[in-house]
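This report concerns only the one structure given below.
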């Protein structure tokens, strides 16, 4: 199994380009199921979850190709298999995103609950309630969602019990070809939802209100082919900025968008960092040691839950103490014990972590438990004295494109080793 070896203690300096956002690309690719024509995608990141989604579309009968300019082309007109089998989607929770498009197009769908998860921990119950409100008959049996709407879906007013990004995206896609008008209330305002709407509108969809808590979709007869561009990855952007700060360096991320990171950048400034923004670039550095800063995760435009672990790593070396409260997902503090192994001083009390800054971190073998937790361990290892080995890094490959190459460009010493001690490259489309 692959692992990363990080030789810490080197200040990171320089610039790195932001990749396309995985969390935006996945719903955009799923939306190709709805399109009567070919969609050409720009800035799709080379990641394992993307490769899984592409394999799923091919399984369903779509034609998928990558050209010499690294653009991805998908033609779903030949698709004839409205199913997402467990063997294909067991490693990708975002597989639920094909449920709405498949049901809307084919009038039926059979989609595995990803990873065998029950409705609960990261539930899709609101997806299913919304589709039922639009006229679908749904059963959950043997780990599969079976949905049927032989006469098509009908527009409805749907109010989410809580903000859900993938639920908003799924029902938005389902509503695009539905009969009548659908109104999504308490909808997600995340940039990835806006990116999906910005893809669908030029293809013929009638969508308004994206970026607000109320989204209105008026069903149309068909969507035509066109192009789509994936937005910059705001989580990756923030992770590299934090990498510069935790190592006492000076990092600039290019081809990104500071408007998607206002809450995060505000907290960096509060902690004492200098943040410079200009024409799609963000630069961060600190002239003095950072000071402890409290955060509370919230739906966008609040502080992102996907940056909680990285910010916690940053606070382990800040002066004073920080209180970090997680309000979005349960069990999102699994990185804490691994950070403690590196010398961090963190105490947990329910959904709140108290971080007391220490003078230094020391290398130790650690294990990644999920995607964002793995990023926090990379940050801590970059700052730690000595060489840290991070195992189970397949989590990192799900969300960070060419991480060794990008960190190396900034001056980090990072190597990937397999069980045979053979150097490998990052995840790709293959």
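Which order do peptides 191-201, 377-387 fall in by mean Cβ count within 10 Å, highest first?
377-387, 191-201
Using the Cα atoms as the points, what is the convex hull volume per residue of segment 22-229 in Å³?
Here the figure is 99 Å³ per residue.
I need the peptides 282-294, 304-316 ranked by packing, meaning the mean over residues of other C-beta atoms within 10 angstrom, with the highest value on top.
Highest to lowest by the protection proxy: 304-316, 282-294.
Treat each spin label as a single point 7 Å out from the Cα along the C-beta direction, and report the residue 415 to residue 337 distance in nm.
A separation of 3.0 nm, rounded to one decimal place.
Give the value in nm², to one decimal: projected area of the alpha carbon convex hull of segment 248-295, averaged over all directions.
Value for segment 248-295: 3.3 nm².
If R0 is 35 Å, what FRET efficiency do you get for residue 389 and residue 354 from their C-beta distance, rounded to 0.05?
It comes to 0.80.
Which label belongs to the value computed from this structure, given these candidates for Cα extents along the principal axes in Å: (i) 73, 57, 40; (ii) 65, 45, 42; (iii) 64, 53, 39?
(ii)
Express in nm, to one decimal, how much length is gained between residue 181 and residue 279 on full extension, taking 0.36 nm for each residue of separation and deducting their alpha carbon distance.
31.5 nm
Viscosity 0.890 mPa s, temperature 25 °C: Stokes-Einstein D of segment 120-217 from its Kirkwood Cα radius, in µm² per second?
It diffuses with D of about 181 µm²/s by this estimate.
Post the alpha-carbon centroid distance, segment 285-339 to segment 6-36, in whole angstrom.
If we compute the Cα centre of each part, the gap is 21 Å.
Need one number: % antiparallel among DSSP beta bridges in the chain, to the nearest 5.
Expressed as a percentage, antiparallel bridges in the chain total about 70.
If the chain between residue 214 and residue 362 were fully stretched, how many nm would it gain, using 0.36 nm times the residue separation less the Cα-Cα distance?
Once the chain is fully extended between residue 214 and residue 362, it gains 48.5 nm.
For the chain, what is the calculated [θ] at 222 nm in deg cm²/dmol (nearest 500), taking -39500 (n - 2.57) for each run of four or more DSSP H residues and dividing by its residue count?
Roughly -8000 deg cm²/dmol at 222 nm, from the helical runs in the chain.
Express in nm, to one decimal, how much length is gained between residue 227 and residue 91 on full extension, taking 0.36 nm for each residue of separation and deducting their alpha carbon distance.
46.2 nm
In nm, to one decimal, how far is the residue 132 label point from the residue 329 one, both placed 7 Å along Cα→Cβ?
About 2.6 nm, to one decimal.
Applying 1/(1 + (r/R0)^6) with R0 = 25 Å to the Cβ-Cβ distance of residue 201 and residue 140, what FRET efficiency is obtained, to the nearest 0.05?
That pair, residue 201 with residue 140, gives E of 0.15.
No value in this document is a laboratory result; all are computed from the given coordinates. No experiment lies behind these values; they were computed from the predicted model shown. In this analysis, Cβ positions are derived from the backbone assuming ideal geometry, glycine residues included, and neighbour counts consider all displayed protein chains.
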